[in-house]
Amino acid sequence: MKFLFWFLVVWLVWRWWRSVRRLGARRAAARDAQASGGVAPDWMVPCAHCGLHVPQAEMLMDDAGLAYCSEAHRRLGVRHG
Ligand SMILES: [Zn+2]
């Protein structure tokens, strides 16, 4: 009977450890989804020249760190007025 008791204890500990691990994995996954939400691949940025919104992956950046929709607008720079 003593063996059966220890078997039960080990089984319960194993079950508890498994549920803790699963909870931690779920929390980490939620945190990753939240972190990547701000910098999604299709994040839109406005062109500094014409104001057109372009995906971050397709935008062009100048030395000042401003985003442009095309090479032509990047050469023209920020539109004043
Ligand atoms: Zn533009």
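Some observations on this one:
- Amide H within-cut-off set for Cys47, under 5 Å, with H built and near neighbours excluded: Leu52, His53, Val54
- Whole-Hz couplings from phi, Karplus 6.51/-1.76/1.60, listed for the stretch 11-16; x for Gly and Pro: 4, 5, 4, 4, 5, 5
- DSSP-loop trypsin sites (Lys or Arg not before Pro) across the stretch 49-81, with at most 13 other Cβ within 10 angstrom: Arg79
- Residue order by solvent-accessible surface for Arg18, Arg27 is Arg27, Arg18, largest first, with ligands and nucleic acids left out and a 1.4 Å probe.
- Diagonalising the gyration tensor over the Cα atoms of the chain and scaling each eigenvalue by 5 before taking the square root yields semi-axes of 59, 8, 8 Å, largest first.
- Of the solvent-accessible surface of the chain, computed with a 1.4 Å probe over protein heavy atoms with every protein chain present, carbon and sulfur atoms account for 64 percent.
- If R0 is taken as 30 Å, the Cβ-Cβ distance between Asp42 and Glu71 corresponds to a FRET efficiency of 0.90.
The values are calculated or read from the model by the stated rules, or taken from the named source; none is laboratory data. Predicted, not measured: the structure shown is a model, and the values here were computed from it. Using ideal geometry, Cβ is built from the backbone for each residue, glycine included, and neighbour counts are taken over all protein chains shown. Please note that ligands, DNA and RNA were not included when accessible areas were found on the heavy atoms of the full protein model with its side chains. Shrake-Rupley method; radii C 1.70, N 1.55, O 1.52, S 1.80 Å.
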